[in-house]
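Just so it is clear, none of the values below were taken in a lab; they were calculated from the coordinates. The structure presented is a predicted model; accordingly, all values stated were derived computationally and were not measured. Using ideal geometry, Cβ is built from the backbone for each residue, glycine included, and neighbour counts are taken over all protein chains shown.
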Amino acid sequence: MKYSDMFKIKPGSSVRLDRIDPGFKDKHEDQASALDEIEKYAHRLREQQYLLYAENKRSLLIILQAMDAGGKDGTINHVLGSMNPQGTRVYGFKAPSAEEASHDFLWRIHQAAPHRGQVAIFNRSHYEDVLVSRVHNLVPKKVWSKRFDQINDFEKNLVENGTHILKFYLHISEDEQLRRFRQRIDDPARQWKISESDYMERERWDDYTKAFEEAMNKCSSKHAPWFVIPANHKWFRNLAVSQIVAETLESLKIEFPEPTVDIKEMKKKYHKAEEEEAAKRAKKADGKNSKKGKK
């Protein structure tokens, strides 16, 4: 199944998250039945990212957004971690610093945009300024409501300069979020991730849902689409995201760049040099052996 078609928010459509099943897992019963596909797309991701890095002409920006405990870190670790770190960078956007807050809201985002040949992954992003800022009334509506057009213009500018953009909303249910919170409390290796504010933010679930829906409705475009990924099952989330990213990169038809030297001439020159060097070593070895024989 082509998940890019299934989960894409078409421009101009009206997404309703309560009508999308966060527990969807397609034909697969469990992780074991999906493992071969997950590994296949991880391999394709590695190949395509290497081509992107070698070509050094275009870039890819992947944006991850979700409710708390939605799986942004897990997606980075299990899906995008299959790429070569030399050509990837991950940015986490939390509350802006004093310097960042003194600029326009896109200033810090633009600095993190991927350069040619690179994949950049945003753990949260510029969309926080139409989500958190809206839900917590950090700025008035007349301010955050203008940001949708500013975001669209910003993303269009990136695309026109060679960056391809994929935006993923990792969709979990309220019950699944609570289950993951409990896991964090009970697991010493995860306790550092939980805080009182996580539970307090649950009280604003409906407000965040409305904010996410409007952001996706107004900012899903042909050149920078939003995808709603069912994410209650972590393994299915990994499969869907990796398939969409791999197939997007493959659609770019990236090829290795032409060599900057005359390969024929280099082969002729250095193969001959290698043969001559090997002959010298063999002659030297024969001389040593003959001396040993005389002794």
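With each label point set 7 Å from Cα along the Cα-Cβ vector, what nm distance links E265 and D21?
6.4
For the chain, what relative contact order do you get, as a whole percent, if you take Cα pairs closer than 8 Å and at least 6 residues apart?
Computed value for the chain: 33 percent relative contact order.
Do any GluC sites (Glu not before Pro) in the range 34-72 lie in a loop, going by DSSP, with at most 14 other beta-carbon atoms within 10 Å of their beta carbon, and if so which?
none
Tell me whether the range 3-251 comes out rounded, prolate or oblate; compute the Cα gyration tensor, take square roots of the eigenvalues as a ≥ b ≥ c, and use a/c under 1.5 as the rounded threshold.
rounded
Do the sum for the chain: with -39,500 (n - 2.57) for every DSSP H run of n ≥ 4, divided by all residues, what is the mean residue ellipticity at 222 nm, to the nearest 500 deg cm²/dmol?
That calculation yields -16000 deg cm²/dmol at 222 nm.
Collect residues whose amide H, placed 1.01 Å from N in the peptide plane, falls under 5 Å from the amide H of G92; neighbours closer than 5 in sequence don't count.
Here the answer is N123, since their amide H atoms fall under 5 Å of that of G92.
Within the range 213-264, which trypsin sites (Lys or Arg not before Pro) sit in a loop by DSSP and count at most 16 neighbouring Cβ atoms inside 10 Å?
K222, K253
What's the center-to-center distance, using Cα atoms, between the range 125-166 and the range 167-217 in Å?
21
If you only keep lysine pairs separated by 8 or more in sequence, or across chains, how many in the range 21-111 come under 20 Å at the Cα atoms?
Here the count comes out as 4.
Relative to the compact-globule scaling 2.2 N^0.38 Å, provide the ratio for the alpha-carbon radius of gyration of the range 15-78.
1.45
Run down the lysines and flag those whose C-alpha is under 28 Å from the C-alpha of K284, throwing out any fewer than 8 positions away in its chain.
The reachable lysines, counting only those whose Cα sits under 28 Å from K284, are K267, K268, K269, K272, K292, K294, K295.
Which lysines does K210 reach when only Cα atoms under 19 Å apart count, and residues fewer than 8 places away in its own chain are ignored?
Excluding near neighbours in sequence, the set is K8, K10, K141, K142, K146, K167, K218.
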